[in-house]
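Peer 1: Pasting a structure here, questions to come.
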Amino acid sequence: MTSITVTATATNPAVESFFDTQTCTATHIVYDAAGGHAAVIDPVLNYEPKSGRTATKSADQVLEFLTANRLTLEWILETHAHADHLSGAQYLKQKAGGKIAIGVHISEVQKAFKTLFNLESDFPVDGSQFDVLFGDGEEFSIGKLQARALSVPGHTPADMAYHIGDSLFVGDTLFMPDVGTARCDFPGGDAAQLYHSIQKLLAFPSETRLFLCHDYPPAERGVCTHTTVAHQRASNIHVRDGIAEADFIVMRDTRDAGLEMPYLLIPAIQVNIRAGSLPAAETNGVHYLKIPVNGL
C-alpha cells in the first residue's frame, strides 16, 4: 500500500491515506492530533482468490501508523458493504479496539445477499454484526473532532458518507473527476438516488475536501485519494454542473449494463455483511465461502 498524508488545520482532521493497489482501495486514518484519537475508514483485508487465503499486510500498515503516532482507535467506519475488497474491520478491532459502524440500511443489503447465498437460517439481517448503525445526520466524535454520518444511497441502499471538519469521506458515491461515479447495478442500487446523494455532497462549500474510497487512474496521472467539491462540480465527467438528472440516469444505466462483475464480489460480500468476519468454521475447523453457480 502507498501512503498519502494530509495535515490537520485548526479543528479539521489530519488524514493519512493508504492505497491498496490490488483492489484500488483507499483506507483513510482520520485523527485529531498525534497522541490523540482516530477513526479508520474502509480498511482492507488482503485476499488471494486463487488460493482462498487471507493476509493482513494492508491492515498491519494501518496498525503501524496508529502505534507510531500513539493514536487511540475509537471508530472503524465502513461507508458500505464493499463488493471489491474484504473488510479488515474485525482484524483491526481485535488488534486495536474501536467500534465498527455502518449505515442503518445495511439490513436491506443483508436480506438481499442472505437470499442469494442461501445463508444459514439464523443469520441475522438486522445489522447486529456491527457495533453501531448510523442514521442520516447522526453525530459522533473522534477525540476532539466532531463528525456526522450522512446517508448517500444509490450505489447501495446502505451507503454512508462521513463529514468531519472540512472533509467528507464519500465512499463509492464519487471517484476522481476524470473517472466519474459509482455503479448502481447491485441489489437496491438506484441511479436517481445516487444523483441526489451526489448533489447532497456537492452542496457543501467548494473548498470541502472529498476523500474517496477508490481511484482507477488513467495512464497519464498517478493515484489520487482526495479532491474538492469545486473540482468535482467543474470537471466530473458524469455529474459536473449542468448535467441533468435524466441524462445522468441514462448514462449510468447504459454504462452499468456493460460493466463486468467486480472480481472479488463473491467472497467480499459474504465477509462484509458480517462486519468483516468470516462465516463460522465448519466441523473440520475450516471457513468456507459459497459460490452461487449461475446465480449472478
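The values are calculated or read from the model by the stated rules, or taken from the named source; none is laboratory data. What you see is a predicted model; the values in this text were computed from it and never measured. Every residue, glycine among them, receives a Cβ derived from its backbone with ideal geometry; neighbour counts consider all protein chains shown.
Peer 1: Give the residues of segment 120-134 that are of a type outside the set (D, E, K, R) and at pLDDT 95 or above, sorted by residue number.
Peer 2: The answer is F123, P124, V125, G127, S128, Q129, F130, V132, L133, F134.
Results for (1) out of contact with any Asp or Glu (no Cβ under 9 Å at 6 or more places or on another chain); (2) on the phi > 0 side of the Ramachandran plot, shown as yes or no for each residue.
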site: R70; (1), (2): yes, yes
site: V109; (1), (2): yes, no
site: A112; (1), (2): yes, no
site: F123; (1), (2): yes, no
site: T156; (1), (2): no, no
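Peer 1: In segment 183-204, is there at least one residue being farther than 27 Å from D256 by Cα, out of contact with any strand residue (DSSP E or B) (no Cβ under 6 Å at 6 or more places or on another chain) and of a type in the set (F, W, Y)?
Peer 2: Yes, the conditions are met somewhere in segment 183-204.
Peer 1: Of everything in segment 165-194, what is surrounded by fewer than 24 Cβ atoms within 10 Å (Cβ to Cβ), without any contact (Cβ under 8 Å) to a residue 60 or more places away in the chain and within 18 Å of S235 (Cα to Cα)? Give them in sequence order.
Peer 2: The answer is D178, V179, G180.
Peer 1: Here are R221, R233, R240: which of them is in contact with an Asp or Glu (Cβ under 9 Å, 6 or more places away or on another chain), surrounded by fewer than 19 Cβ atoms within 10 Å (Cβ to Cβ) and part of a loop (DSSP other than H, G, I, E, B)?
Peer 2: Checking each option against the conditions leaves just R221.
Peer 1: Would a scan of segment 40-47 turn up a residue that is surrounded by fewer than 23 Cβ atoms within 10 Å (Cβ to Cβ) and among the charged types (D, E, K, R)?
Peer 2: Within segment 40-47, none of the residues are surrounded by fewer than 23 Cβ atoms within 10 Å (Cβ to Cβ) and among the charged types (D, E, K, R).
Peer 1: Which residue is farthest from A182 (Cα to Cα), if the candidates are limited to segment 80-109 and must be surrounded by fewer than 24 Cβ atoms within 10 Å (Cβ to Cβ) and polar (S, T, N, Q)?
Peer 2: Step by step, filter segment 80-109, then rank; the result is Q94.
Peer 1: Within segment 23-42, how many residues turn out to be out of contact with any Pro (no Cβ under 7 Å at 6 or more places or on another chain) and either aromatic (F, W, Y) or without any contact (Cβ under 8 Å) to a residue 60 or more places away in the chain (or both)?
Peer 2: Number of matching residues: 4.
Peer 1: Is it fair to say M261 is out of contact with any Leu (no Cβ under 6 Å at 6 or more places or on another chain) and assigned to a helix (DSSP H, G or I)?
Peer 2: Here the answer is no, as M261 does not meet what is asked.
Peer 1: Right, another one. Please verify whether T208 is without any contact (Cβ under 8 Å) to a residue 60 or more places away in the chain and either farther than 30 Å from L119 by Cβ or polar (S, T, N, Q) (or both), treating the condition exactly as stated.
Peer 2: On the way: without any contact (Cβ under 8 Å) to a residue 60 or more places away in the chain: yes; either farther than 30 Å from L119 by Cβ or polar (S, T, N, Q) (or both): yes.
Taking the combined requirement at face value, the residue satisfies it.
Peer 1: Within segment 155-164, can you find the residues that are in contact with a strand residue (DSSP E or B) (Cβ under 6 Å, 6 or more places away or on another chain) and either in a loop (DSSP other than H, G, I, E, B) or without any contact (Cβ under 8 Å) to a residue 12 or more places away in the chain (or both)?
Peer 2: A158
Residues checked against (1) within 15 Å of A147 (Cα to Cα); (2) at pLDDT below 95; (3) outside any loop (DSSP other than H, G, I, E, B):
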site: S17; (1), (2), (3): no, no, yes
site: T23; (1), (2), (3): no, no, no
site: A26; (1), (2), (3): no, no, yes
site: I29; (1), (2), (3): yes, no, yes
site: A59; (1), (2), (3): no, no, yes
site: E64; (1), (2), (3): no, no, yes
site: T67; (1), (2), (3): no, no, yes
site: T79; (1), (2), (3): yes, no, no
site: Y91; (1), (2), (3): no, no, yes
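Peer 1: Name the single residue that is nearest to the chain's Cα centre (by Cα) among those in segment 171-218 being of a type in the set (V, I, T) and assigned to a loop (DSSP other than H, G, I, E, B).
Peer 2: In this case the residue turns out to be T173.
Peer 1: Could you tell me whether V152 is in contact (Cβ under 8 Å) with a residue 12 or more places away in the chain and buried (at least 18 other Cβ atoms within 10 Å of the Cβ)?
Peer 2: Considered against the rule, which asks whether it is in contact (Cβ under 8 Å) with a residue 12 or more places away in the chain and buried (at least 18 other Cβ atoms within 10 Å of the Cβ), V152 comes out as yes.
Peer 1: Within segment 264-286, identify whether any single residue is surrounded by 10 or more Cβ atoms within 10 Å (Cβ to Cβ) and either touching a Pro at 6+ places or on another chain (Cβ under 6 Å) or aromatic (F, W, Y) (or both), and answer yes or no.
Peer 2: Within segment 264-286, none of the residues are surrounded by 10 or more Cβ atoms within 10 Å (Cβ to Cβ) and either touching a Pro at 6+ places or on another chain (Cβ under 6 Å) or aromatic (F, W, Y) (or both).
Peer 1: While we're on this one: Considering only residues that are aliphatic (A, V, I, L, M) and under 18 Å from L278 (Cα atoms), look in segment 48-72 and name the one that is surrounded by the fewest Cβ atoms within 10 Å (Cβ to Cβ).
Peer 2: Filtering segment 48-72 for residues that are aliphatic (A, V, I, L, M) and under 18 Å from L278 (Cα atoms), the one surrounded by the fewest Cβ atoms within 10 Å (Cβ to Cβ) comes out as A55.
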